[in-house]
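What follows is one structure encoded as structure tokens, with my remarks underneath.
The values are calculated or read from the model by the stated rules, or taken from the named source; none is laboratory data. Just so you know, these numbers come straight off a predicted model, no measurement behind them. Quick reminder, even Gly has a Cβ in these numbers, built from the backbone with ideal geometry, and neighbours come from all protein chains shown.
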């Protein structure tokens, strides 16, 4: 197999795995808050979370690039702490992917959290469970199917990213060149034989991931 393809496959797999792990740590508390709160600011937070669904990836990538530049807030802090630039690095890809894939994970989990039986939480409270214990020991196990679905959607969506990756990561072999960028390069060079192979790998990964997930969810139900 082409070394460039193997290299891009490794970058893509690492990006999808790390992004999914970050999302599964950050998203459940956010989704629980969105599902339960009546705070007036909730519509604004929901809109911000859902923004990547409607905003062109290049627009979101442009603002993230400014945010991560040395003159930007995050980029400036990063440069002060590490002495290096944040933009056009693998770390920038992870941050951008978390932002871009957030609604694909948060929305199905929040929708599932809204179906939580109040009596279940009341009973746990009577038994002396703290809010944190109720969330970790009752809410998360009860909604494990939604958590899995969100994780799979986040993973699969990250694998197929293009616009965000190109804007904030560029096309650096071995660091930011993911499979979608490699596919673009191959098509641009009219190397359709290699492009077919790269596209086929992306299609196969997505199909296998979704198939096994749906089979698991069906068995769980």
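For this structure, a couple of remarks:
Table: residues versus (1) closer than 30 Å to residue 133 by Cα; (2) touching a helix residue (DSSP H, G or I) at 6+ places or on another chain (Cβ under 8 Å).
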{"residue": "16", "(1), (2)": "yes, yes"}
{"residue": "19", "(1), (2)": "yes, yes"}
{"residue": "31", "(1), (2)": "yes, yes"}
{"residue": "37", "(1), (2)": "yes, no"}
{"residue": "63", "(1), (2)": "no, no"}
{"residue": "66", "(1), (2)": "no, no"}
{"residue": "72", "(1), (2)": "no, yes"}
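- When residue 146 is tested against (1) closer than 19 Å to residue 36 by Cα; (2) buried (at least 17 other Cβ atoms within 10 Å of the Cβ); (3) more than 16 Å from the chain's Cα centre (by Cα); (4) at pLDDT 90 or above, exactly one condition is not met: (3).
- Of all residues making up segment 35-53, the number that are under 18 Å from the mean Cα position of the chain (by Cα) and either farther than 18 Å from residue 156 by Cα or surrounded by 17 or more Cβ atoms within 10 Å (Cβ to Cβ) (or both): 7
- Flag if residue 119 is more than 23 Å from residue 90 (Cα to Cα) and either out of contact with any helix residue (DSSP H, G or I) (no Cβ under 9 Å at 6 or more places or on another chain) or in a loop (DSSP other than H, G, I, E, B) (or both): yes
- Answer from 160, 174, 154 - the residue that is in contact (Cβ under 8 Å) with a residue 40 or more places away in the chain and at positive phi: 174
- Check on residue 153, buried (at least 18 other Cβ atoms within 10 Å of the Cβ), in contact with a helix residue (DSSP H, G or I) (Cβ under 9 Å, 6 or more places away or on another chain) and either in a loop (DSSP other than H, G, I, E, B) or modelled with pLDDT of 95 or more (or both): no
- Within segment 181-193, being without any contact (Cβ under 8 Å) to a residue 40 or more places away in the chain and within 18 Å of residue 88 (Cβ to Cβ) holds for 184, 185.
- Subset of segment 132-143 that is free of Cβ contacts under 8 Å to residues at least 40 places away in the same chain and either assigned to a helix (DSSP H, G or I) or in contact with a strand residue (DSSP E or B) (Cβ under 9 Å, 6 or more places away or on another chain) (or both) - its residue that is farthest from residue 219 (Cα to Cα): 132
- Filtered residues of segment 80-99 (kept if farther than 22 Å from residue 18 by Cα and assigned to a helix (DSSP H, G or I)): 80
- Flag if residue 88 is on the phi > 0 side of the Ramachandran plot, surrounded by 15 or more Cβ atoms within 10 Å (Cβ to Cβ), at pLDDT 90 or above and out of contact with any strand residue (DSSP E or B) (no Cβ under 6 Å at 6 or more places or on another chain): yes
- Criterion violated by residue 185 - all others in (1) farther than 28 Å from residue 85 by Cβ; (2) in a helix (DSSP H, G or I); (3) over 22 Å from the mean Cα position of the chain (by Cα) satisfied: (1)
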